[in-house]
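As structure tokens, the structure follows; a few thoughts come after it.
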Amino acid sequence: MKKLKLVLITAALAAAASAGAAAADGARFGIKDWEVACDNTRRCEAAGFQSDESESLPVSLWLGRDAGAAAVLEAKLIVVSGDDKDAGPLTITVGKLALGGLKAETELTAEQVARLMPSLLNAESAKVSDGKHQWLLSLAGLKAVLLKMDDQQGRVGTVTALVKPGTRPASAVLPPLPPPTVRPVAMPPAQKGDEKLLAAIVKTIRPEDCGADLKDSSRDEAIYRLPGGRMLLVLECDRAAYQSSYGLWVARDKPPYDPRPLDLPGMEGGGIMNASFEGGKLSSYAKGRGIFDCGGFWTWLWTAQGFQLVDVSQSNMCRGVPGGVTLRDWVAKVVR
């Protein structure tokens with residue numbers, strides 16, 4: 001196993017494709033101030049922001065739509081105020097339309113979406129205000145990502161299309177795909193002496209495989225019991241200013257420990273960022289930059305077949321919204 005490098009995987013589609021997680025080629029697409037992602041069920045989500053050139057406070061419009069003839073478009077406005085105070089009721093103004101009474105990060109009603117979308121498709125920007133703050137939402141790229149959304153869901157030329165509607169009936173729209181089923185198994189409890197066991201197993205892992213640069217500092221290390229007399233080691237192997245890369249090993253709980261590096265489905269390279277494990281769930285998040293206005297989230301569950309991917313969501317546009325405005329690339333159905 002090569003030494004882990006601190007690298008943010010900025011395209012979840014590329015990572016997920018290695019595990020067969022991509023719904024289709026080109027299911028993640030970005031242009032100008034907008035991006036869209038369609039997951040393995042054909043659900044599509046899009047987000048747009050203020051332009052890099054504008055002096056606007058951070059603002060985003062999130063859009064989502066399931067596959068299928070009857071699926072409706074969902075929408076939420078997200079704003080960041082300069083004084084760290086919650087924004088009041090929002091009004092979005094596009095051309096002659098002024099749509100008020102909107103709450104930040106609260107889904108718009110179907111009526112509000114129906115009124116808003118025709119105006120957005122025919123404008124260059126939209127103004128958002130709460131009476132104290134103002135934001136300028138760029139619409140550059142909106143039509144392109146919505147066309148991609150329509151194309152992935154088989155809507156182009158149908159009465160359900162957002163950008164290029166036609167006369168084809170809604171029945172021509174592609175149906176949603178079923179998500180894979182993930183069945184987690186119960187985790188055995190920790191035992192007295194597991195910490196000593198951790199130290200003994202770590203000694204059998206070559207320093208060049210993990211943490212050669214961290215040998216003189218305090219490294220994050222943890223061990224967890226898995227079914228069948230196995231142990232999961234989660235070791236910090238590389239560190240940067242605001243996040244760390246972790247390696248995973250599965251070993252026996254008795255000598256010879258024989259630790260084996262673990263590669264995760266949907267993640268290339270064998271390492272994950274900012275790892276945590278609890279109750280059979282392995283979680284990872286990766287920051288695109290220190291303020292975490294872009295990056296990704298991954299979750300796996302331990303099953304009889306090992307770790308299986310449960311969900312992936314990412315935001316590739318770093319536009320000042322804390323936590324990013326993530327778009328879903330992959331989802332599984334958890335059956336307990």
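Figures for the structure shown
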read-out	value
Failed item in (1) charged (D, E, K, R); (2) in contact (Cβ under 8 Å) with a residue 40 or more places away in the chain; (3) buried (at least 16 other Cβ atoms within 10 Å of the Cβ), with Arg155 passing the rest	(2)
Single residue of the stretch 68-84 satisfying the filter (part of a loop (DSSP other than H, G, I, E, B) and out of contact with any helix residue (DSSP H, G or I) (no Cβ under 8 Å at 6 or more places or on another chain)) that is nearest to Met317 (Cα to Cα)	Val80
Selection within the stretch 102-161 - acidic (Asp, Glu) and outside any helix (DSSP H, G or I)	Glu105, Glu107, Glu124, Asp130
Tabulated pairs, the stretch 271-294, first more than 19 Å from Val321 (Cβ to Cβ) and at pLDDT 95 or above, second among the small types (Gly, Ala, Ser) and assigned to a loop (DSSP other than H, G, I, E, B), C-beta under 6 angstrom, 6+ apart or interchain	Ser284/Ala275
Failed criterion for Gly306 (all others in (1) at pLDDT 95 or above; (2) over 30 Å from Glu55 (Cβ atoms); (3) surrounded by 20 or more Cβ atoms within 10 Å (Cβ to Cβ); (4) of a type in the set (Gly, Ala, Ser) hold)	(3)
Total residues in the stretch 159-174, condition closer than 17 Å to Ala114 by Cα, crowded, with 16+ Cβ neighbours inside 10 Å and among the β-branched types (Val, Ile, Thr)	2
Residue count, the stretch 53-87 (criterion: free of Cβ contacts under 8 Å to residues at least 24 places away in the same chain and within 18 Å of the chain's Cα centre (by Cα))	1
Residues that are touching a Leu at 6+ places or on another chain (Cβ under 8 Å), more than 20 Å from Met187 (Cβ to Cβ) and in a loop (DSSP other than H, G, I, E, B), drawn from the stretch 221-262	Ala240, Gln243
Some residue of the stretch 71-91 being surrounded by fewer than 24 Cβ atoms within 10 Å (Cβ to Cβ), in contact with a strand residue (DSSP E or B) (Cβ under 7 Å, 6 or more places away or on another chain), of a type in the set (Ser, Thr, Tyr) and farther than 15 Å from Thr326 by Cβ	yes
Count - residues of the stretch 56-101 that are under 19 Å from Met117 (Cα atoms) and either of a type in the set (S, T, N, Q) or touching a His at 6+ places or on another chain (Cβ under 8 Å) (or both)	4
Any chance Ala98 is free of Cβ contacts under 8 Å to residues at least 40 places away in the same chain, assigned to a loop (DSSP other than H, G, I, E, B) and among the aliphatic types (A, V, I, L, M)	no
Residue in the stretch 136-152 that is closer than 26 Å to Arg28 by Cα, acidic (Asp, Glu), modelled with pLDDT of 95 or more and buried (at least 16 other Cβ atoms within 10 Å of the Cβ) present	yes
Residue match in the stretch 322-333 (condition: surrounded by 22 or more Cβ atoms within 10 Å (Cβ to Cβ), out of contact with any His (no Cβ under 9 Å at 6 or more places or on another chain) and closer than 18 Å to Arg230 by Cβ)	no
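The values are calculated or read from the model by the stated rules, or taken from the named source; none is laboratory data. All values reported here derive from a predicted model rather than from experimental measurement. Positions of Cβ are generated from backbone atoms using ideal geometry, with glycine treated the same way; all protein chains shown enter the neighbour counts.
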